[in-house]
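Structure first, then comments.
The values are calculated or read from the model by the stated rules, or taken from the named source; none is laboratory data. Everything quoted here is computed from the prediction, not taken from an experiment. Glycine also receives a Cβ, built like all others from the backbone with ideal geometry; neighbour counts cover every protein chain displayed. Side chains included, ligands, DNA and RNA excluded: accessible areas come from the protein's heavy atoms. Shrake-Rupley method; radii C 1.70, N 1.55, O 1.52, S 1.80 Å.
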Amino acid sequence: FPIIRAQISPDFVPDAKFYKVEAILRPWRIQQVSSALLKMGIRGVTVSDVRGFGAQGGLTERQAGSEFSEDTFVAKVKMEIVVSKDQVEGVIAKIIEEARTGEIGDGKIFLIPISDVIRVRTGERGEKAERMVGGHADMSSVLSTS
Ligand code: AKG
C-alpha cells in the first residue's frame, strides 16, 4: 500500500484550537474505527446514519451502454469527533487505517475548524469543555498513576 500521510495544510485550514473531524464511512467499518479511537483515548464520538453518493453516483462500476442513475444513494455512517489541534492528525490517520479497504466507496474525511466548545451541564468553554472527564479513560489514568 502507498504510505498515506495526512497533514494539515495552512493554506486550506484556518487555524483553530479545535477541529471537527467529520468522516463519511462504510457502516460495517464503524465498530472497528470507534474501538480503535477509544483505545487511543478519544472520547466524544457522534455517529449518524446517512445516505450519500460521491463521484461514482453511488455505483461501484460503470459499464458502457448500461443505464444507471446518477444519484443512487448508498448507506453510510457519518462520524463526528471534535478534538484539539494536536490530536487531529492522529485521529485522521487512525480512521484511514481502520476504515480503508482500497475500494471505491471508502468515504471521505472533512476537517472543520471549530470556534468554541461549550459544555451544557456546566457552561464551561474551550479546553475545559472539550476535555472528557469522569469516563473510563480518566479512571484508568488515575489507576495507572497511583
Ligand atoms: C460514489 O458514489 O462515489 C461511491 O463511492 C459509490 C460506492 C459506494 O459508496 O459504495
One residue is enough: does the stretch 57-74 have a residue meeting the conditions touching a residue at least 40 places away in the same chain (Cβ under 8 Å), away from the ligand (no atom under 12 Å from the Cβ) and open to solvent by 50 Å² or more (accessible area, probe 1.4 Å)? no
Scan of the stretch 23-56 for residues that are in a strand (DSSP E or B), open to solvent by less than 30 Å² (accessible area, probe 1.4 Å) and not small (Gly, Ala, Ser), ordered by number: LEU25
I'd like the full set of residues that are open to solvent by less than 40 Å² (accessible area, probe 1.4 Å) and touching a Leu at 6+ places or on another chain (Cβ under 6 Å), limited to the stretch 84-122. ALA99
The lone exception for ILE114 - which of (1) at pLDDT below 95; (2) out of contact with any Asp or Glu (no Cβ under 7 Å at 6 or more places or on another chain) it fails: (1)
